[in-house]
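Undergrad: My questions will all concern the structure given below.
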Amino acid sequence: MKKLSAVQIKQQTLVLNIADKLEEQGRTELPGMLQCWFDVQYHLFPGSLLMCFQFESEQVLAAAEPELLKWQKRLSGAMLKKGVILKDMRKHLVFTLKGPDE
């Protein structure tokens, strides 16, 4: 894997911090949420950012689905506070049953 530049390391730190905060909030507000994970290609940041909230079952996922827009707005707002604009917030956060290794 290619070594990250200083700018990419800052981007990674920013995304990790936001993911940690959203995961903590998600676990308290969304029953059945297992974890928050993300995938990003730093050379295409922020357009390549995809954050996923993983849920334990299909029923829990279906129950949480109405909350998706609220969480997309939270991600967008948190990134904006750090000076990163997500052009289409709906592309950057999804609810899923899949884990990061699947």
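The values are calculated or read from the model by the stated rules, or taken from the named source; none is laboratory data. Remember, predicted model here, so these are calculated numbers, not experimental data. Every residue, glycine among them, receives a Cβ derived from its backbone with ideal geometry; neighbour counts consider all protein chains shown. Heads up: the accessible areas ignore ligands, DNA and RNA and are worked out on the full protein's heavy atoms, side chains in. Shrake-Rupley method; radii C 1.70, N 1.55, O 1.52, S 1.80 Å.
Undergrad: Given the pairs 21/87; 21/98; 3/73, which are separated by over 26 angstrom at their Cα positions? Present the calculation step by step, with values, prior to reporting the outcome.
TA: Working: 21/87 21 Å; 21/98 20 Å; 3/73 32 Å.
Violating the 26 Å Cα-Cα cut-off are 3/73.
Undergrad: Here's a follow-up. What figure in square angstrom, to the nearest 10, would you give for the accessible area of residue 57 with a 1.4 Å probe?
TA: Counting only protein heavy atoms, residue 57 exposes about 30 Å² to solvent.
Undergrad: When the accessible area of the chain is computed with all protein chains present and a 1.4 Å probe, what percentage of it is carbon and sulfur?
TA: 54
Undergrad: Given a Förster distance of 22 Å, report the FRET efficiency between residue 65 and residue 17 from their Cβ-Cβ distance, rounded to the nearest 0.05.
TA: After rounding to 0.05, the efficiency reads 0.25.
Undergrad: Between helix 6-29 and the chain, what is the angle of the helix's C-alpha long axis to the longest principal axis, kept within 0 to 90° and rounded to the nearest 10?
TA: 10
Undergrad: Something else now. Sequence gap at least 6, Cα distance under 8 Å: using those rules, report the relative contact order of the chain to the nearest whole percent.
TA: 27
Undergrad: Let a ≥ b ≥ c be the square roots of the eigenvalues of the Cα gyration tensor of region 61-102; is it rounded (a/c under 1.5), or, if not, prolate (a/b larger than b/c) or oblate?
TA: Since a/c reaches 1.5 but b/c is at least a/b, the shape of region 61-102 is classed as oblate.
Undergrad: Taking amide H positions as placed 1.01 Å from N in the peptide plane, with prolines and chain starts having none, which residues 5 or more places from residue 86, or on another chain, fall under 5 Å of its amide H?
TA: none
Undergrad: Just how large is the dipole of the chain about the Cα centre, in debye to the nearest 20, putting +1 at every Lys and Arg Cβ and -1 at every Asp and Glu Cβ?
TA: 700
Undergrad: In addition: Whose amide H sits under 5 Å from the amide H of residue 34, counting only residues 5 or more places off or on another chain, with H placed in the peptide plane?
TA: 54, 55, 56
Undergrad: By how many degrees, 0 to 90 and rounded to 10, does the Cα axis of helix 68-81 deviate from the longest principal axis of the chain?
TA: The two axes meet at around 30 degrees.
Undergrad: Taking 41 Å as R0, compute the FRET efficiency from the Cβ-Cβ separation of residue 10 and residue 94 and round it to 0.05.
TA: According to the calculation, E is roughly 0.95.
Undergrad: Further, regarding this structure: What label, among (i) 14.6, 52; (ii) 13.6, 42; (iii) 12.8, 36, belongs to Rg and Dmax of the Cα atoms in Å computed from the structure on display?
TA: Correct label is (ii).
Undergrad: To continue, here is another question. Once the Cβ-Cβ distance between residue 28 and residue 48 is put in as r, and R0 is 35 Å, what FRET efficiency do you end up with, to the nearest 0.05?
TA: On the way: r = 29 Å, r/R0 = 0.81.
The calculated FRET efficiency here is 0.75.
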